[in-house]
Amino acid sequence: MSFLIPGSGVGFAILEVVFGFVLVGTFLYSTWDRIQLLLQGKPEVRWDRLPERINQFIRYVLGQSKLLQEAYGGPMHFFIFWGFMILGFTIANFLFEGLGIRFEKIPFLSFLAPFQHGTALPFTEGFLWYHAVMDTFILLVLITMGMAFYRRLVLRPERMELTGQALFILTLITLMMVTDVMLSGAKIVEGSYLPGAYLSVLTADLWRVVGVRSESAARGAYVASWWLHWFVFWGFLNYLPLSKHMHIMTAPFNVFFHSLEPKGALQPIPNLSEMMEKFDEKTKFGANTIPDFTWKQLLDGPTCQECGRCQDMCPAYNTDKPLSPKKLIMELKHVWLEEGHQPAGAERKSLISDEIFSLDFIWACTTCRGCEWACPVLNEHIQKIVDLRRFLTLMEGNLPAEGQVALQNIEKNSNPWGVGFDQRAKWTEGLEVPVFGELSEEDRKRIEYCYFVGCAGSFDERNKKIAQNLVKIMKAGGVNFAILGAEEACCGDTARRLGNEYLYQILALQNMNAMFGYGIKKVVTACPHGFNTLKNEYPQFVAEARKGNPDFAWNVEVVHASELIYRLLGEGKLKPANKLELELAFHDSCYLGRHNDLYQIPRQTLQTVGIKVKEMPRNAEKSFCCGAGGGRMWLEEHGEKINVNRSKEAIATGAAGVAVNCPFCLTMFEDGIKDQGQEEKMKVYDLTELVAQAL
Ligand code: SF4
Ligand code: SF4
């Protein structure tokens, strides 16, 4: 039976290599099978801009920066990850040790013999650094395993399900650590000198307590621990690709391949106009089956660790809508695995159904990006929801009736309110606002900013006042600006997020061509939705615009009104004469905040005009959506209203009002506060009207 003793010679080495080949083979087979399944998805280039991808990898995989956002789970995952990385070294040593290689017997490597202890790798066993580091990391992983068990079994956060698989994996990891120190403890009893192995000294004592004292008994304990460690390690590795913990393998790749596009940008449908022209029974827009998604979108599924952080952030889920971003990813994964390999052209299961993604599920999303911000493995939820919406809107015309009306209004009059497009500049009456089309060539050259007013500022009574205030501010700050007037089209944000990519593209090109025609280089807008789409999404259509005009170029700097005001205040061009002395809650709009990382500028601007900002519990990156994004402004909402939920939070601060910087948020808060009968006590202000009051 000596061939069963690790490191004992050729017999054992053959056994280890044969077993190793079989187990590595099954692991590679399962992994390859999963890769083949991923490749059912559409192609997508996600390996460009290598330095940025490496940077992303360092930040989120090696630095675990997303996970560290969370007090309990963050350090826990950090030490599990780094524990595994470091302990990979002990695994390599452990496998090498079994082969029984002694460097003293290899002539050209004999110089390493003085640094080899037994059959271990040189500079490992018997070296203080090795044992101290390894035992420390084993201890850290064991502590974090204890924390993980405690969280799952005792704390039981609602967002995490207690599954047998999760407990099994935690048990395997714990066993791997325990068998490792059992093994080195047995070596100590046998007489080995392992300096710094303070944990193994304890297990050596435990061996002695259970009667393992003689050299031969210690040898037996060592062999038993070695084999146990071996089976636990290979069992763990082979179980991974088949289990929900596949994310341990896929997460680093998912992070590496994460989108490098601006956060607020949705992806266009390639060759959309050509496809529209040649529309036939094979044409398909959007997604309703597994192969309609890209391989990267499918990779999000096995990468999901089912932690539920996305769900915790979701305004729809938190107001009892059927939508859950966690369910979105998990259902995609379930159908992907359930369908498995299918021949090309086989009929695929529709994902849009009451059992998988119901219509209410798909239309509940406000595209607030809370889910993507929270996801530790950088899964991308919004594009998937919009792809499902594109299928419904463009292929089936199946969108809520109110959404249909909003889109028809945009088609006819270029605004969702349906007011005549020729009324777009009516809000300027009496204000002497220059319009590009009415200026001479000479005067146009002197204009620095195009003020893109947007539909709300142009047509909604309350928001017209915001536009008028911004005009007052820009004039006071000496800004040379003009508007496009009736030549301005809807920015298209609503159309795009309700799934009508075709209409969006028409609107985007209309605005881009108008701006190019007037040589516009800078745009300011008070609407975060317009700001986001002009800044992050319009550049996607330069090639399309060049089809109509080969000279077309788009070098436009887009700023939000709060950025311009902040700059004017900083440069002393705006001088607030009346400090406002108000205490206000501040609401971060999703499209300025999570989509564009503008958190401090609006706050500092408010402080400059004398306002004390009282933070709501959910603020900045964790801000709770007002409920209007993603085209939801135009859709009916059933059950608890998102804007009421958020308004209650603002009211609870006890502040005199709430400051916002988005026309949709303004409307949603005014409605929400009215719903609570608090409109006399709590006013809603847009940042621009506060600054205008202070001048
Ligand atoms: S974008 Fe917002 S509303 Fe949509 S699924 Fe994510 S968290 Fe929920
Ligand atoms: S998608 Fe991300 S945040 Fe949501 S459950 Fe999966 S890993 Fe967690």
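The values are calculated or read from the model by the stated rules, or taken from the named source; none is laboratory data. Note that the structure is a prediction, hence the values are computed from the model and not measured. All Cβ positions, glycine included, derive from the backbone under ideal geometry; neighbour counts span all protein chains shown.
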### Task
Kindly indicate the residue of region 201-220 that is modelled with pLDDT of 95 or more and either touching a strand residue (DSSP E or B) at 6+ places or on another chain (Cβ under 9 Å) or buried (at least 19 other Cβ atoms within 10 Å of the Cβ) (or both) and also nearest to LYS187 (Cα to Cα) among those meeting that condition.
ALA204
### Message
Which residue is nearest to LEU407 (Cα to Cα), if the candidates are limited to region 473-522 and must be of a type in the set (D, E, K, R) and not in a helix (DSSP H, G or I)?
### Response
GLU488
### Query
Only one residue in ILE91, ILE101 is surrounded by fewer than 18 Cβ atoms within 10 Å (Cβ to Cβ), within 15 Å of GLY7 (Cβ to Cβ) and among the hydrophobic types (A, V, I, L, M, F, W, C). Which one?
ILE101
### Query
Is it true that some residue in region 559-580 is at pLDDT below 95 and more than 20 Å from MET474 (Cβ to Cβ)?
yes
### Summary
Of (1) in the same structural domain as ASN661 (by TED's automatic domain parsing); (2) more than 16 Å from ligand 1 (Cβ to nearest atom); (3) touching a residue at least 12 places away in the same chain (Cβ under 8 Å), GLY593 satisfies every one except (2)
### Query
Somewhere in region 151-163, is a residue in contact (Cβ under 8 Å) with a residue 60 or more places away in the chain, out of contact with any Asp or Glu (no Cβ under 8 Å at 6 or more places or on another chain) and surrounded by 20 or more Cβ atoms within 10 Å (Cβ to Cβ)?
no
### Query
Among the residues of region 280-309 satisfying the criterion of being among the polar types (S, T, N, Q) and modelled with pLDDT of 95 or more, which is nearest to ligand 1 (Cβ to nearest atom)?
GLN297
### Query
Given the residues ILE143, ILE138, which is the only one that is farther than 30 Å from ASP312 by Cα and in a helix (DSSP H, G or I)?
ILE138
#### Entry: Looking only at region 3-57, and only at residues there that are polar (S, T, N, Q) and in contact with a helix residue (DSSP H, G or I) (Cβ under 7 Å, 6 or more places away or on another chain), the one that is farthest from VAL335 (Cα to Cα)
SER8
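Yes or no: ALA456 surrounded by fewer than 22 Cβ atoms within 10 Å (Cβ to Cβ), not hydroxyl-bearing (Ser, Thr, Tyr) and not assigned by TED's automatic domain parsing to the domain that holds ARG390?
Criteria not met by ALA456.
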### Task
Consider GLY126 carefully, then state whether it is over 30 Å from VAL10 (Cβ atoms) and either of a type in the set (A, V, I, L, M, F, W, C) or assigned by TED's automatic domain parsing to the domain that holds SER225 (or both).
no
### Message
Which condition from (1) closer than 16 Å to ILE410 by Cβ; (2) surrounded by fewer than 23 Cβ atoms within 10 Å (Cβ to Cβ); (3) charged (D, E, K, R) is the one that LYS522 breaks?
### Response
(1)
### Query
Exactly one of (1) within 13 Å of ligand 1 (Cβ to nearest atom); (2) surrounded by fewer than 22 Cβ atoms within 10 Å (Cβ to Cβ); (3) among the basic types (Lys, Arg) is unmet by LYS326. Its number?
(2)
### Task
Give me the pairs, please: first residue somewhere in region 363-388 and of a type in the set (Val, Ile, Thr), second residue anywhere and in a helix (DSSP H, G or I) and more than 6 Å from ligand 1 (Cβ to nearest atom), beta-carbon distance under 6 Å, and either six or more positions apart or on two chains.
THR366/ARG632; THR367/ARG497; VAL377/ALA251; VAL377/ASN254; VAL377/THR303
## Note on the structure
Those residues of region 73-114 which are assigned to a helix (DSSP H, G or I), more than 19 Å from LEU228 (Cβ to Cβ), touching a residue at least 12 places away in the same chain (Cβ under 8 Å) and over 42 Å from the mean Cα position of the chain (by Cα) amount to PHE103, GLU104
### Task
Search region 340-372 for residues being within 15 Å of ligand 1 (Cβ to nearest atom) and hydroxyl-bearing (Ser, Thr, Tyr), and hand back the single one that is surrounded by the fewest Cβ atoms within 10 Å (Cβ to Cβ).
SER358
### Single unsatisfied condition, LYS465 versus (1) closer than 25 Å to GLY593 by Cα; (2) buried (at least 20 other Cβ atoms within 10 Å of the Cβ)
(2)
### Message
Which numbered condition in (1) away from ligand 1 (no atom under 16 Å from the Cβ); (2) in a loop (DSSP other than H, G, I, E, B) is the only one that VAL613 fails?
### Response
(2)
### Message
I'm trying to understand the selection: among the residues of region 275-333, which are part of a helix (DSSP H, G or I), within 16 Å of ligand 2 (Cβ to nearest atom) and without any contact (Cβ under 8 Å) to a residue 60 or more places away in the chain?
### Response
GLY301, TYR317, PRO325, LYS327, LEU328, ILE329, MET330, GLU331, LEU332, LYS333
#### Entry: Those helices (runs of 4 or more DSSP H) lying entirely in region 379-461 with at least 1 residues within 16 Å of ligand 1 (Cβ to nearest atom)
382-390, 401-413
### Message
Being more than 16 Å from ligand 2 (Cβ to nearest atom), over 30 Å from LEU351 (Cα atoms) and touching a helix residue (DSSP H, G or I) at 6+ places or on another chain (Cβ under 6 Å) narrows it down to one residue among LEU399, LEU431; which is it?
### Response
LEU431
### Message
Given the criterion exposed (fewer than 14 other Cβ atoms within 10 Å of the Cβ) and over 30 Å from GLU396 (Cβ atoms), identify the matching residue among PRO195, PRO270.
### Response
PRO195
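Residues are listed down the side, and each one gets a yes or a no for (1) more than 16 Å from ligand 2 (Cβ to nearest atom); (2) of a type outside the set (A, V, I, L, M):
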site	(1), (2)
GLN342	yes, yes
ILE356	yes, no
LEU359	yes, no
ALA374	no, no
LEU378	no, no
THR393	yes, yes
### Message
Report every pair of residues separated by at least 6 positions or lying on different chains whose Cβ atoms are under 7 Å apart, first residue within region 424-440 and under 18 Å from GLY454 (Cβ atoms), second part of a loop (DSSP other than H, G, I, E, B) and of a type in the set (A, V, I, L, M, F, W, C).
### Response
VAL435/ALA425; PHE436/LEU484
### Message
If I ask for residues that are touching a helix residue (DSSP H, G or I) at 6+ places or on another chain (Cβ under 8 Å) and closer than 30 Å to SER353 by Cα, which ones from region 402-425 would you list?
### Response
GLU402, GLY403, VAL405, ALA406, LEU407, ILE410, GLU411, PRO416
### Message
Please verify whether LEU266 is under 22 Å from TRP373 (Cβ atoms), in contact with a helix residue (DSSP H, G or I) (Cβ under 6 Å, 6 or more places away or on another chain), away from ligand 1 (no atom under 16 Å from the Cβ) and in contact (Cβ under 8 Å) with a residue 24 or more places away in the chain, treating the condition exactly as stated.
### Response
no
### Task
Kindly check whether there is at least one residue in region 478-489 that is touching a Gly at 6+ places or on another chain (Cβ under 7 Å) and either buried (at least 24 other Cβ atoms within 10 Å of the Cβ) or touching a residue at least 60 places away in the same chain (Cβ under 8 Å) (or both).
yes
### Query
With respect to the numbered conditions (1) more than 16 Å from ligand 1 (Cβ to nearest atom); (2) out of contact with any Ser or Thr (no Cβ under 8 Å at 6 or more places or on another chain), which one is the sole condition not fulfilled by CYS375?
(1)
